[in-house]
Amino acid sequence: MDKVSKKSKAEEATTKEVDSSFASEMDELKRDMRSAQIVDWMQNNQQQLIAGIVAIMLLLAGGTLWLERSKAQKDSAATLYHQALATSNVEQKKAMLEMVIKDYESTGYASLANLYMAKLSDQPEEYLNRLIHSAASTPELAWQAQLDLAEWYLNNGKLAEAKAQLAEPVGKQYEQLRHYLMAEVSTDTAEKKKHLQMSLDAESNDAFLKARIESMLAELGAVESSNL
């Protein structure tokens, strides 16, 4: 019985070794088959693979060229803009700023040039409108241009146009000035007082403007008291 038992155990061990070896060989065979399939697929699709690789390389090259061109444009715009600021001749300054606006429209320097030209021009409407609607303008530049245009309309008696600009929302740091200008546009005393109070309650970045608002509110209060 001992011999039979030992023989059975030996046969069982041998069988396990054979099974293990067979499983290992099968795994190796499967890997070889998969590798062969991949190689066959690559050979059958060689042209498509080459075309795909070429397309990727062209995209990468195009992206690199676009970035280089964009950087070169910004550098050129910056140089011309700073040259314009440096010159003391007003007409030359204007001409150079106009070149920045025309030739480098997609850069932030075109927005800065429009802002500067609005200060130099007696008719800033065109430059301020460009700033408001330009994709290159930051929100802060657009909001400031919007309020500058509203103030210009107000000073030139174009109340309807001023109101239209002031009806558009702005960032909270510009709300004080917007409500102040809305008070200036208003011909109704109650409406004027309401906007002055809203202006006073808004975030303040201008101590002089805040003092002006407080003075105007005090004057309105004094007028109302005298009418009682």
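The values are calculated or read from the model by the stated rules, or taken from the named source; none is laboratory data. Not measured: the values here are computed from a predicted model. As a convention, Cβ positions derive from the backbone with ideal geometry for all residues, glycine included, and neighbour counts pool all protein chains shown.
Considering only residues in segment 198-213 that are within 18 Å of Gly171 (Cα to Cα) and touching a Leu at 6+ places or on another chain (Cβ under 8 Å), the one that is surrounded by the most Cβ atoms within 10 Å (Cβ to Cβ) turns out to be Ser199.
Could you tell me which residue of segment 83-111 is nearest to Ser137 (Cα to Cα), considering only residues that are of a type outside the set (Val, Ile, Thr) and loosely packed, with under 12 Cβ neighbours inside 10 Å? Result: Lys102. Out of Ala77, Ala162, Ala142, one residue alone is modelled with pLDDT under 90 and either at negative phi or not aliphatic (A, V, I, L, M) (or both). It is Ala77. Filtering Leu166, Leu147, Leu115, Leu181 for residues that are closer than 27 Å to Ser199 by Cα, free of Cβ contacts under 8 Å to residues at least 24 places away in the same chain and either surrounded by 13 or more Cβ atoms within 10 Å (Cβ to Cβ) or over 21 Å from the mean Cα position of the chain (by Cα) (or both) leaves a single hit, Leu166.
Restricting attention to segment 80-112, the residues that are in a helix (DSSP H, G or I) and over 23 Å from the mean Cα position of the chain (by Cα) total 16. Among residues that are β-branched (Val, Ile, Thr), part of a helix (DSSP H, G or I), under 21 Å from Pro169 (Cβ atoms) and in contact with a helix residue (DSSP H, G or I) (Cβ under 9 Å, 6 or more places away or on another chain), Ile132 is included.
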